[in-house]
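Trainee: Have a look at this one.
Values in this text are rule-based calculations from the coordinates and carry no lab data. Since the structure is predicted, the reported quantities are computational estimates derived from the model, not experimental observations. Neighbour counts are summed over all protein chains in view; Cβ atoms, including those assigned to glycine, are modelled from backbone coordinates with ideal geometry.
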Amino acid sequence: MAHTPLSRPARDTLRKYVISHGYRDTYANTGVTPVTLRRALAGLPVAPGTIARLSRLAPRTRDSAEFAAAVAAARARIPRSRITPSVWSVEAIRSARDAQLRGQFRQPCALAEAMRTDDALFTAYVNRIAPQSALATSIVPHDSARGRAVAARAALSVFAPRSVLEGLQGTLANHGVAVGYVEHSINDDGTCVSMRLSEWPLEHVEYDPIQDVLITYTRDDMGRVPIVHGDSHWIIIRKFGLKPWTQDACVLPGSLLWGAHALGLSDWSATSKSHGQAHVVGELPEGVPLNDENNNLSADASAFINMLSDVVSGEAGVGIRPFGAKTDFVANGSNAWQVFSELTANREKAAARVYLGTDATLGSVGGAPGVDIATLFGVATTRLQGDLTAIQDALRVGLFEPWTAINYGDSRYAPRLEYQIPDPDLDAKRKERSDQRARLHDTIKRMREEKLVVSQPVVDALAREFGIAPAPELANDEQQTATLVLAPTDVARVVRVREARASQGLPPFGDDRDDLTITELDARTQARADISVNNAENP
């Protein structure tokens, strides 16, 4: 594969990362040697594997120039399937498991298909991916007006069908890695590029240890095509950075589990026949020959055997035994059949542990009616949430950021897909918040009773202390900034007559005097008294 230089945005991101972390930490986090890092920063060509490793650095703002070539590139077509029906011996199962560890996925994909013929593994697999079809999803916008407008347009232009996401999660569960392919389509007036996600069959993918990159082949004979996550066409879903197909792939422990179950069921069938069907041994009378002159069974011996076979198989209800002949019934008296009840229980528990991380979802072994989604998340939260988080992160980098950069110039306002995952601790969290709010209100009440200052800054500080957000707001007439001590003459100037009479338990006058201050009422009363005196002196 041809070496190419990093794009300018990628070099800028790498330069900032190296300045912030240094060459040693960058090498530790990416696996790219300092010599190669300097080549990449200088704009010299580097291997596709190096580009793939450096693309996993911290998120950056990406512009449309980064994806110009990808938009113009021809669409890759999926090759024809190479999986054929196989007879799975223990050696073939081990060979497929070893191929999975090497990152060669054709045999492991065929093995994963065969494993789903086992009812226990099939049920565990379906339970693993069931939340994908049951959970609601939403497109979360960037926290801005422009971000919300971008998200609204993305809802009409970015397509990630639920059936595709189910398939990707199933492949991720089985093999620890899944690959998606994004198709571009431009509208008639050329103003918008739409994107549609599809699953790229993992059987056509393999790991190149020399370049340290996943590669694939196409139907159009484009040669070895490197799969570069986030280039606007390819999406790699993974939960581990280093060889994820060796770390969290259910096909690894499940393969020999399936083989053990299949061979055990075969033995079970043979044992059932041995225990469940009677066996008869016959003895002819003395002097009756077993063989004729050609060393074949004699006519008498052949007739005797046919009669016994008909009686044992149920074809005949009765038979005639020659005089002097003997028949003995032989039964298998061993207790080996008991091991198969243990095998049945082990199949279901082991399959659930492999795919779900627990066997608690089974309830009564062999008779569980089903598991609702809240219970399923309650017992296998980490495994399922890990799948959904990996899908969310991969779609953000490989689908929504490229779409936003291509259509809006850069990825600053890129939305993201989010699963509405039920919280098994929701009721406990609600009770805790309610208790904290009650303690906050009780504290405020006691502070008022102690005649302490209760202002909005005080309430805000208490809310932070109790973990309450948003903080409650005091009513406007309750806002206090300071406690003032007023002299009696000052009180007379600011206290109204209604308030003064109410403080003494007296009713208001019921006229305009109630709205006067005490000083104003005294002045009015004094004026009226002066007028009365003046009228008396000057009749």
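Trainee: Hey, any idea what Rg/Rh is for region 197-256, computing Rh the Kirkwood way over Cα pairs? If you can, show how the numbers build up before the last one.
Mentor: On the way: Rg = 12.8 Å, Rh = 13.1 Å.
So for region 197-256, dividing Rg by the Kirkwood Rh gives 0.98.
Trainee: Now for a separate question. Using only the Cα atoms of region 96-139, build the gyration tensor, take square roots of its eigenvalues as a ≥ b ≥ c, and label the shape rounded, prolate or oblate: rounded if a/c is under 1.5, else prolate if a/b is larger than b/c, else oblate. Don't skip to the end; give the middle numbers.
Mentor: Details: a/c = 3.89, a/b = 1.65, b/c = 2.36.
Cα axes put region 96-139 in the oblate bin.
Trainee: Rank by packing, highest mean first: peptides 15-28, 396-409, with packing defined as the count of other Cβ atoms within 10 Å averaged across residues.
Mentor: Packing order, densest peptide first, comes out as 396-409, 15-28.
Trainee: Same structure again: I'd like to compare 234-241, 167-174: which one has the highest average count of other Cβ atoms within 10 Å, and what's the full order after that? Numbers along the way, then the final one.
Mentor: Numbers: 234-241: 19.9, 167-174: 24.2.
My ranking of the peptides, most packed first, is 167-174, 234-241.
Trainee: Still on this structure, please answer the following. I need the shape label for region 8-60. Rule: rounded when a/c is under 1.5, else prolate if a/b > b/c, else oblate, with a, b, c from the alpha carbon gyration tensor.
Mentor: Details: a/c = 1.25, a/b = 1.12, b/c = 1.12.
Verdict is rounded for region 8-60.
Trainee: Arranged by the count of other C-beta atoms within 10 angstrom, fewest first, what order do His261, His184 take? Working shown, then result.
Mentor: Working: His261 23, His184 19.
Result, fewest neighbours first: His184, His261.
Trainee: Continuing with this model, one more query. Measure out, as a whole number of angstrom, how far apart the alpha-carbon centroids of region 413-460 and region 1-50 sit.
Mentor: Region 413-460 and region 1-50 have Cα centres spaced 47 Å from each other.
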